[in-house]
Amino acid sequence: MYYIVDLQRDQSKLSRYISNTLLEKIQNTLENKKKTLVYINRRWEYNLLCCLDCGHLYKCKNCDITMSVHKNPEKLVCHMCWYTKDLDLRCEKCSWSNLQKVWVGTEQVEKLLKSHFKEAKIFRLDTDSIKTKVQKESVLQNILESDIIIGTKMITTGFDFADIALIAVILLEQEIGIPKYNIEEISYNNIKQLIGRWWRQWEDKEVVIQTFISSNDTIKSISEYNYKDFVTKTLEERKLFSYPPYKDFAVLESYDKNEAKSLEFCKILKNKLDYANEDKKIEITLGQKWFKKAWNYHHKIILKWENLRGFLEVIRYEVIKNPKLSLTFE
């Protein structure tokens, strides 16, 4: 049995991210001595901006990738090309002003459910909870003893949980909001795998999918398993923005503890690529801004064309010799 819950209309006093429907289903599952599996794609760090009226998610005009809300100053940022945009007061698609920032993580959901179901044994399964070897060895025992299991992508593969009667997807838009050009396809497969994996084990299983934007086309396709419309829409977008299977897509990423060195290296590399790209057939974009990770400043060059592997031979030596330069093909 499927339940698509619109969080605009069904929010509990516990949290706007937890519906009354889900709390009731979990309570019933506990009373029947069965387990609940609560799925959140990942911990995630940034708010999404979505329109609650038309289901629109803000995407980068260059990359067709969902943008994230950053603070200080508060702006929308694309994590692929680092294009930035001021937050709108009205939706760019339908012109209504019902815009909302949404985000929730596994730890937050764990605390909320523990505060509500005080007698239940709740276990959170994500990379933070199993960092050490001892923690990894105790995971299976914790799962066996738990009434409610909260997890990220890792719970969809490699585990066989007995007595799962309820599957809950906390915030489906957060699943499709990760900044990757193919995230909608990944999300479709993740949800299908999640539900299909546990559906086989018990006939009376229930699935609760929560979202603020049930009118969003992608969310409709995922929640309804409408693969035909999903593929049609996805291919149209891929063709429009020159992504696979229509064009090769590659990212060169340089990093250094010194911001200026990282940027300068990327500029030199882009100049070399531009020189080799005499006929200007290849789309070559230098990311507008750096991002910082593990004390290093990262800069990106994004390339799109029909045959990038042959073209990138012009910088093969730089890629091989420089440990601070990575090349990723999609």
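The values are calculated or read from the model by the stated rules, or taken from the named source; none is laboratory data. Because the structure is a prediction, the values reported are computed rather than measured. A quick note on method: Cβ atoms are made from the backbone with ideal geometry, for glycine too, and the neighbour counts reach across all protein chains shown.
Could you check the stretch 92-118 and list, in sequence order, the residues that are of a type outside the set (S, T, N, Q) and at pLDDT below 90? Working first, answer last.
Applying the first criterion (of a type outside the set (S, T, N, Q)) to the stretch 92-118 yields 92-94, 96, 99, 101-105, 107, 109-114, 116-118.
Answer for the stretch 92-118, where residues must be of a type outside the set (S, T, N, Q) and at pLDDT below 90: Lys101, Val102, Trp103, Val104, Gly105, Glu107.
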Looking only at the stretch 207-227, count how many residues are surrounded by fewer than 23 Cβ atoms within 10 Å (Cβ to Cβ) and under 17 Å from Ile183 (Cα atoms). 8
Quick check: is even one residue across the stretch 314-327 touching a strand residue (DSSP E or B) at 6+ places or on another chain (Cβ under 7 Å) and more than 26 Å from Ser68 (Cβ to Cβ)? yes
Could you check the stretch 176-189 and list, in sequence order, the residues that are crowded, with 21+ Cβ neighbours inside 10 Å and assigned to a helix (DSSP H, G or I)? Glu184, Ser187, Tyr188
Kindly check whether there is at least one residue in the stretch 269-282 that is small (Gly, Ala, Ser) and crowded, with 17+ Cβ neighbours inside 10 Å. no
Within the stretch 18-65, of all residues that are of a type in the set (S, T, N, Q) and modelled with pLDDT of 90 or more, the one nearest to Asn98 (Cα to Cα) is Ser19
Quick check on this structure: which one of Asp6, Asp86 is farther than 30 Å from Phe241 by Cα and of a type in the set (Asp, Glu)? Asp6
Regarding Asp88, is this residue surrounded by fewer than 17 Cβ atoms within 10 Å (Cβ to Cβ), touching a strand residue (DSSP E or B) at 6+ places or on another chain (Cβ under 9 Å), assigned by TED's automatic domain parsing to the domain that holds Ile149 and farther than 30 Å from Asn142 by Cβ? no
Does Tyr243 satisfy the criteria of being crowded, with 19+ Cβ neighbours inside 10 Å and in contact with a His (Cβ under 7 Å, 6 or more places away or on another chain)? no
Any pair with Cβ under 7 angstrom, 6 or more apart, that starts in the stretch 286-302 at a residue that is in contact (Cβ under 8 Å) with a residue 24 or more places away in the chain and ends at one that is outside any strand (DSSP E or B) and aliphatic (A, V, I, L, M): Trp290/Leu263; His299/Leu263; Ile301/Leu269; Ile302/Met80
Based on what the data block shows, is Lys61 exposed (fewer than 15 other Cβ atoms within 10 Å of the Cβ), under 30 Å from Glu253 (Cα atoms), without any contact (Cβ under 8 Å) to a residue 60 or more places away in the chain and of a type in the set (Lys, Arg)? yes
